[in-house]
1. Which net charge results when you count Lys and Arg as +1 and Asp and Glu as -1 among the other residues whose beta-carbon is under 11 Å from that of Asp262?
2. Go ahead and set up a Gaussian network model of the chain, Cα springs under 10 Å, then flag whichever of Trp174, Trp125, Trp406 fluctuates most.
3. So, in nm, how far is label Gln13 from label Arg382 when the simple model puts each one 7 Å beyond its Cα toward the Cβ?
4. Using a Gaussian network for the chain with springs between C-alpha atoms less than 10 Å apart, which of these wobbles most: Arg133, Arg12, Arg164?
5. Set Lys and Arg Cβ to +1 and Asp and Glu Cβ to -1, take the dipole of the chain about its Cα centre, and tell me which of Cys309, Ser385, Val286 lies farthest positive.
6. At what distance in angstrom do the alpha carbon centres of the stretch 353-397 and the stretch 211-285 lie from each other?
7. Classify the stretch 78-178: rounded, prolate or oblate, from the alpha-carbon gyration tensor (a ≥ b ≥ c, eigenvalue square roots; a/c under 1.5 rounded; otherwise prolate if a/b is larger than b/c)?
8. Pick from Asn224, Asn238, Asn40 the residue whose mean-square fluctuation is largest in a GNM of the chain, springs joining Cα atoms under 10 Å.
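The values are calculated or read from the model by the stated rules, or taken from the named source; none is laboratory data. Only a predicted model underlies this, so the values are computations on that prediction, with no experimental measurement involved. Glycine also receives a Cβ, built like all others from the backbone with ideal geometry; neighbour counts cover every protein chain displayed. Heavy atoms of the whole protein, side chains included, go into the accessibility calculation; ligands, DNA and RNA do not. Shrake-Rupley method; radii C 1.70, N 1.55, O 1.52, S 1.80 Å.
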Amino acid sequence: MASPAEPRPPSRQPTWKWTICGLLLLASAINYMDRQTLANASVRITKEFHLTQAQYGNIEAVFAYAFAAGSIVFGWLADRYSVRWLYAGVLTMWSVAGLATGFVRNEQELLWCRMLLGFFEAGHWPCGIRTTRALLDPRERSLGNGVLQSGTSIGAIVTPLIMRGLMTSELGSWRVAFQAIGAAGLVWLVLWFVLLRGADLPTPDRARETADGSGAGLWETIFNRRMLVVFFAIASINTTWQIMRAWLPKILQEGRRYAESDTLWFTSAWYLATDVGCIGAGLLAVWLGRRLSVHTARLVVFVACGALCAMGALTPFLDRGWVLLAVLLLAGAGALGVFPIYHAFTQDISARHQGRITGFAGVVGWVLPAQAQKLFGALADRTHSFDLGIMLASGLPLLAALPLWWCWEKKSVGGANEVKA
């Protein structure tokens, strides 16, 4: 069997684990609210600070590099210390960084704030993935990860609506939105400490995790064939997602001449579609897992989501209108739908090193997007269009399905057989 769920305190009700997953959803929402404020105010900020597309791409790249560094640091910490305290710490720090962005006076200060935001936001994923792994059995993890991941869409749905209400005709009114959203994140801490006791997510038990079949050394695990597949997959799917997330408002406003208000409304609709794709992927994987092997069910859903995302390659051939918007909605649903399935694959590798697996994968998954953001901006400056870049990015999730299909060993690191539903 693949790695089972870690023991929970016997006093907890069965629904408690899903309540905690709902709290993780809120953490993901806050994470993306702080992140998406820049994308939704990107046109205003580039005007105020007189930025080129390449300079804006560099700001996104700085965030990505910092996120990669934070992935290593917090992945290591999540395997050694109680996630209950670590999670609270990183959320506090990224909220402060988001709030501080509302006070920046120039491009350099903006770069520093985005760097700190990316570094501390990276802690969300090792903590969140370790939590779902601890609470859920293998058949439930795709859905649990879908709930965790779907919070990113919910946060991104809400953010444009908040910013639409807070931003006025004054160019610099974007600052108030950064300050309000950054401060709101601190409310989550109260719920986290009320719903979780210290015994619920204790310091990882090294002896028990080794006994569960996760005793391979860190470097043996990292250079295992499965991890190499994971590295390729996350580099591919996260490049697509980060480009779509960061550049969608510019694609609509500058590439197709939509008004800012219309773009904000559509951005919320787009993230609603990505949320449907994310939860739908998790539910479909659970449903198929009762009829097929869990491994096969995950692959089928991953390929289906990748095919949806690839529809984004049609964007250059479509003028503004409902067909273009429908294609973007479907591509967004597929782009985020692959993530809960990807996380479920990583959770089958090693309980002992789960935090560092997420951390190392985060480094790989953010280094390529960092370069891609810079290249995307430079390409847009050179061609005066976003079309070629979005066409190239749309096919990467489908490409990532190939090594998962061909190269994923059907035994866990410890030698156990694949889980059957």
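1. Working: positive: Arg164, Arg256, Arg257, Arg320; negative: Glu260.
Its environment carries a net charge of +3.
2. Evaluated over the chain, the most mobile residue of the options is Trp406.
3. Inter-label distance under the simple model: 5.9 nm.
4. Arg12
5. Looking along the dipole axis, the top candidate is Val286.
6. Cα centres, the stretch 353-397 to the stretch 211-285: 10 Å.
7. Values: a/c = 3.58, a/b = 1.74, b/c = 2.06.
Oblate shape, in that a/c is at least 1.5 and b/c is the bigger or equal ratio.
8. Asn224
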